[in-house]
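The values are calculated or read from the model by the stated rules, or taken from the named source; none is laboratory data. Bear in mind the structure is a predicted one, so any value in this text is a computation, not a measurement. Ideal geometry is used to build each Cβ from the backbone, glycine not excepted, and the neighbour counts take in all protein chains shown.
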Amino acid sequence: MEESKMAKGVWIVAEQRYGAYRKISFELVSAARKLADQLGEEVGAILLGSGIEGIAGELGKYGADKVYVADNALFEPYTTDAHAAAIAKLVKEQNPSILLLGASAQGKDLSSRLVGKLATGMATDCVDLKIADGKLLSVRPMYAGKCNGEVVVSSFPQMASLRPNVFPAVENPKTAEVVKFDPGLDASQLKTKVLEVQKDTSGKVDLTEANIIVSGGRGMKGPENYVIIEELADVLGATVGASRAAVDAGWRPQKDQVGQTGKVVSPNLYIACGISGAIQHLAGMGSSKYIVAINKDPDAPIFARADYGIVDDLFKIVPELTKEVKKLLA
Amino acid sequence: MNIVTCVKQVPDTETLIKVKPDGSGIDEAGIKWVMNPYDEFGVEEALKLKEKFGGDVTIVSVGPARALETIRTALAMGADKGIHINDPALEGADAYNIAAALAAAIKGIPYDIIFCGQRAIDDDSGQIGSVLAEFLGIPQVTFVTKLDVEGASIKVVRPIEGAQLLIESSLPCVVTAQKGLNEPRYASLPGIMKAKKKPVDVKDAAGLGITVTPKAKIAKTLPPPARPPGKIICGEEPAEKARELAKLLREEAKVI
């Protein structure tokens, strides 16, 4: 218990690419602020990158008290080795009580390596965080959302990764003190190297970060019919998703798959078109804030999870909905 | 090229999960157990590499007695031997301890690549591969959808939000498999017959020289939060229904 007396502070690991923050960074700081206020502790943020000192203060806008910055060319693009080594070194020195990361592609890779380096425990992909008896209680979906687990980490730091798009980014301005630290890096420690970054040129937000998703399933009947889904997505500024059935049929690429063996998404609005709602699909989108189901089968299980449902032929409804949304947003 | 693939036995994706009334976990009665789908990609990739470069494929699994079926499935697909880590102290243990057990078992065998699924679809924790890599002091490449061996290193494709990365890693290394990596084969009948005779070593924590020291626990398991009942939008014409839906999304839900 001596360790718990010493461990203090709610920390986050910020995420940025080439000097631009990922939205999850602000969600993390906001979530940390809430916990820190309950504990009467400070919010610390770790920011690693190349040429990023200028953006460090921005985390103060969401409630960071201190931002620990290490600026080094070896941090960009992200590699596990460079980031995990630098963070583990700082965390061991400073001993925060709680350490939060995003359950993003980078955060998942990094946080789990840190579990090993810091010899601690972590709750992955959390949807709620509470303080109970001075300890972090992390709520996370398990069995792909078929149940929830409340996780308690008994070592320090108590780690949790947060599902993107679930925790609101709330402005809560503090004047963040920027503290530079020496990551103690040496290029020979890096065993992996990013050779190429192939950017998605669709201009669409990734499914895991999208505010609105329009998804099509088996009811789309073929790849050529996705044009009506794309048109609706365009007027809504949404990203297009698909069910496993549609991906397995080769109608949509693997990266579009939402579900237990695809992506887990939490948009504000999820519109499921011609998706029956197999348990495997519900697992991937169950934490969406609003769910709309359009399906001609009134018994489709998706309706049990939908906030709004239309029992009708999607080929009639979707184009009409596109027209109506266009009118509303005009 | 010697390869290790870690596998876990999990409930089938279509299984209904019932939470025990006291919140102490899930009710295992009636569950159909299968190999974690992401681990299947790891087994398949290991077998493809073995076919190309030769060497041994060893399957390692932590789990109760029933987990042996999953090891046998991988052996029937074509893997050479298995290590079954079975110890009550490791049941439901956190990633740190499971990875410590795997590392202890793997340390004694030669390996160039270790495959793990990117996560197991039961606890969805997704930590094992990286923690294992840390314990073995080797690099990791996670969520891999394509892999090529080039001399003493590998090149892999890793999708991230809005981009695909091509990453080079030295060997040995841990690779976590993502859907898209390959199409796992089915075990053939002769494969199933042969698997029965393939060696499976059974170990417990003491035999591996490790002590389980819990770092995290699931204090309570709860049913998912209930969603308020939804609204079915009625109307004569598709246009009318669509208009009503657009209005509700704008004015009631305020999401567009």
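Restricting the search to segment A:209-222, which residues are closer than 20 Å to A:GLY277 by Cβ, within 11 Å of chain B (Cβ to nearest Cβ) and part of a helix (DSSP H, G or I)?
None - no residue of segment A:209-222 is closer than 20 Å to A:GLY277 by Cβ, within 11 Å of chain B (Cβ to nearest Cβ) and part of a helix (DSSP H, G or I), so the list stays empty.
If the Cβ limit is 6 Å and pairs must be 6+ apart or interchain, which residue in segment A:196-207 that is touching a residue at least 12 places away in the same chain (Cβ under 8 Å) pairs with which residue that is of a type in the set (S, T, N, Q) and surrounded by 11 or more Cβ atoms within 10 Å (Cβ to Cβ)?
Close Cβ pairs (under 6 Å, with a partner that is of a type in the set (S, T, N, Q) and surrounded by 11 or more Cβ atoms within 10 Å (Cβ to Cβ)) amount to A:LYS204/A:THR239; A:VAL205/A:THR239; A:LEU207/A:THR239.
Restricting the search to segment B:164-179, which residues are within 14 Å of the chain's Cα centre (by Cα) and either facing chain A (nearest Cβ under 7 Å) or not small (Gly, Ala, Ser) (or both)?
Within segment B:164-179, B:VAL174, B:VAL175, B:THR176, B:GLN178, B:LYS179 qualify.
Take A:ALA304 and decide whether it is at pLDDT 95 or above and among the aliphatic types (A, V, I, L, M).
no
Considering every residue within segment B:222-244, establish whether at least one is closer than 30 Å to B:ALA99 by Cβ and touching a residue at least 24 places away in the same chain (Cβ under 8 Å).
Scanning segment B:222-244 turns up at least one residue that is closer than 30 Å to B:ALA99 by Cβ and touching a residue at least 24 places away in the same chain (Cβ under 8 Å).
Anything in segment B:132-155 that is under 17 Å from the mean Cα position of the chain (by Cα), within 10 Å of another protein chain (Cβ to nearest Cβ) and not in a helix (DSSP H, G or I)? List them, or say none.
B:GLN140, B:VAL141, B:THR142, B:PHE143, B:THR145
Quick one: how many residues across segment A:141-185 are part of a loop (DSSP other than H, G, I, E, B) and closer than 28 Å to B:GLU14 by Cα?
5
Quick one: B:CYS116 ticks every box in (1) at the interface with chain A (Cβ under 7 Å from one of its Cβ atoms); (2) not in a helix (DSSP H, G or I) except a single one, so which number is it?
Of everything listed in (1) at the interface with chain A (Cβ under 7 Å from one of its Cβ atoms); (2) not in a helix (DSSP H, G or I), B:CYS116 misses just condition (1).
Scan segment B:200-256 for residues that are under 30 Å from B:LEU90 (Cβ atoms), aliphatic (A, V, I, L, M) and within 7 Å of chain A (Cβ to nearest Cβ) and report the count.
Selection size over segment B:200-256: 4.
From (1) touching a Phe, Trp or Tyr at 6+ places or on another chain (Cβ under 9 Å); (2) surrounded by fewer than 23 Cβ atoms within 10 Å (Cβ to Cβ); (3) closer than 21 Å to A:ALA144 by Cβ, pick out the condition that doesn't hold for B:GLU69.
Among (1) touching a Phe, Trp or Tyr at 6+ places or on another chain (Cβ under 9 Å); (2) surrounded by fewer than 23 Cβ atoms within 10 Å (Cβ to Cβ); (3) closer than 21 Å to A:ALA144 by Cβ, the lone unmet condition for B:GLU69 is (3).
Looking only at segment A:38-88, how many residues end up being among the β-branched types (Val, Ile, Thr), under 23 Å from A:LYS193 (Cβ atoms) and touching a residue at least 60 places away in the same chain (Cβ under 8 Å)?
Result for segment A:38-88: 3.
Out of everything in segment A:76-135 that is charged (D, E, K, R), out of contact with any Pro (no Cβ under 8 Å at 6 or more places or on another chain) and in a helix (DSSP H, G or I), what residue ends up being surrounded by the fewest Cβ atoms within 10 Å (Cβ to Cβ)?
The residue in question is A:GLU93.
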